[in-house]
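A.B. asks: Dropping the structure in here first, questions after.
The values are calculated or read from the model by the stated rules, or taken from the named source; none is laboratory data. Bear in mind that the values here come from a model prediction, so they are computed numbers and not experimental data. Cβ atoms come from the backbone with ideal geometry, glycine included; neighbour counts cover every protein chain shown.
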Amino acid sequence: MSIVSLFQAGGIVMVPLLGFSVMAIALIIERGFFWANLLQRQPKLVRHIFKLYRENSGEALKQLKKNPDLPIARMFIAALELERPTPEEFRLALESAGQAELPLLRQFSTVFDTVITTAPLFGLLGTVLGLIGSFASLQLGSGDAVQNAEVTGGISTALVSTAAGLVVAISVLMFANLFRSLYRRQRALMEEYGGQLELLYRHFYYDRIDLPKPPNNQ
């Protein structure tokens, strides 16, 4: 059976399921490019920035501004652009900027959750409509071929729509879980990188004002 035949057999609920599929594919491609770009460029940039910052903080800031599309770059810029902040102010700037980046990292997660939840329900609706059509055309004791075809068509609609809803939901669920794991990993890396930059700043700050450094447990 061809895809067109399956689509026709699934009944009216195949229309929203097709819409969910097209939307999900477009968002998955967008998120795929986003994460591939981030994972490829971010580690190199962070290593380069930490090396530069130890030598020239101004040059590190310039390099960060050349990569404004990376969340970690925007996070670092927010802190490094402050005018002589205290270590506490520097830390708060990093944390605030990091929190502001989280919605971007989780972008479209609500859409994915909606598709995962709703697609099986549309499949179930197709099942109910197909069975209603089958029972409506069923006449006990009749061997009419037309009636048998209508009953078979209703059952086909019920099965195809259910399968289509599950396929859409399962496919989107796999990618959604992948993106969630990437988000959790990125959030941990942002905290780690932010902590490393804060330690470097504290070191330079106390050296600049010639004050004793606080104990490590503070």
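A.B. asks: Can you spot a residue in segment 31-46 that is within 30 Å of Leu166 (Cβ to Cβ), among the hydrophobic types (A, V, I, L, M, F, W, C) and either surrounded by 15 or more Cβ atoms within 10 Å (Cβ to Cβ) or in contact with a Pro (Cβ under 7 Å, 6 or more places away or on another chain) (or both)? I'd like the intermediate steps shown before the answer.
C.D. replies: Going through segment 31-46, the residues within 30 Å of Leu166 (Cβ to Cβ) turn out to be 31-36.
Still in the list and also among the hydrophobic types (A, V, I, L, M, F, W, C): 33-36.
Keeping just the survivors that are either surrounded by 15 or more Cβ atoms within 10 Å (Cβ to Cβ) or in contact with a Pro (Cβ under 7 Å, 6 or more places away or on another chain) (or both) gives 34-35.
Yes, that holds for at least one residue.
A.B. asks: Failed condition for Pro85, given (1) assigned to a helix (DSSP H, G or I); (2) farther than 25 Å from Ala26 by Cβ, with all others met?
C.D. replies: (1)
A.B. asks: Just name the residue that is surrounded by the fewest Cβ atoms within 10 Å (Cβ to Cβ) out of those in segment 47-70 that are under 17 Å from Gly194 (Cβ atoms) and of a type in the set (Gly, Ala, Ser).
C.D. replies: Among residues in segment 47-70 that are under 17 Å from Gly194 (Cβ atoms) and of a type in the set (Gly, Ala, Ser), the one surrounded by the fewest Cβ atoms within 10 Å (Cβ to Cβ) is Ser57.
A.B. asks: Restrict the check to segment 2-14 and report whether at least one residue is closer than 19 Å to Leu94 by Cβ, touching a helix residue (DSSP H, G or I) at 6+ places or on another chain (Cβ under 9 Å) and either aromatic (Phe, Trp, Tyr) or modelled with pLDDT of 95 or more (or both).
C.D. replies: no
A.B. asks: Give the residues of segment 33-59 that are in contact (Cβ under 8 Å) with a residue 12 or more places away in the chain and over 18 Å from Leu189 (Cβ atoms), sorted by residue number.
C.D. replies: Listed by number, the residues that qualify are Arg54, Ser57.
A.B. asks: Out of the residues in segment 166-189 meeting the condition of being out of contact with any Lys or Arg (no Cβ under 7 Å at 6 or more places or on another chain) and of a type outside the set (A, V, I, L, M, F, W, C), tell me which one is surrounded by the most Cβ atoms within 10 Å (Cβ to Cβ).
C.D. replies: Applying the filter and picking the extreme gives Gln186.
A.B. asks: Within segment 75-119, how many residues turn out to be among the aliphatic types (A, V, I, L, M) and either within 19 Å of Lys65 (Cα to Cα) or in contact with a strand residue (DSSP E or B) (Cβ under 8 Å, 6 or more places away or on another chain) (or both)? Don't jump to the end; show me each part of the working.
C.D. replies: Of segment 75-119, the ones among the aliphatic types (A, V, I, L, M) are 75, 77-80, 82, 92-94, 97, 100, 102, 104-105, 111, 115-116, 119.
Next, only the ones that are either within 19 Å of Lys65 (Cα to Cα) or in contact with a strand residue (DSSP E or B) (Cβ under 8 Å, 6 or more places away or on another chain) (or both) stay: 75, 77-80, 82, 93-94, 97, 100, 104.
Within segment 75-119, residues that are among the aliphatic types (A, V, I, L, M) and either within 19 Å of Lys65 (Cα to Cα) or in contact with a strand residue (DSSP E or B) (Cβ under 8 Å, 6 or more places away or on another chain) (or both) number 11.
A.B. asks: If you don't mind, another one. Out of (1) among the β-branched types (Val, Ile, Thr); (2) at pLDDT 90 or above; (3) under 29 Å from the mean Cα position of the chain (by Cα), what's the single condition that is false for Thr86?
C.D. replies: (3)
A.B. asks: Does segment 16-32 contain any residue that is touching a helix residue (DSSP H, G or I) at 6+ places or on another chain (Cβ under 9 Å) and within 21 Å of Gly98 (Cα to Cα)?
C.D. replies: Yes, the conditions are met somewhere in segment 16-32.
A.B. asks: Any chance segment 61-71 includes a residue that's under 19 Å from the mean Cα position of the chain (by Cα) and part of a helix (DSSP H, G or I)?
C.D. replies: Scanning segment 61-71 turns up at least one residue that is under 19 Å from the mean Cα position of the chain (by Cα) and part of a helix (DSSP H, G or I).
A.B. asks: Right, here's the next one. Among the residues that make up segment 105-121, is at least one of them under 30 Å from Ala9 (Cα atoms) and more than 20 Å from the chain's Cα centre (by Cα)?
C.D. replies: yes
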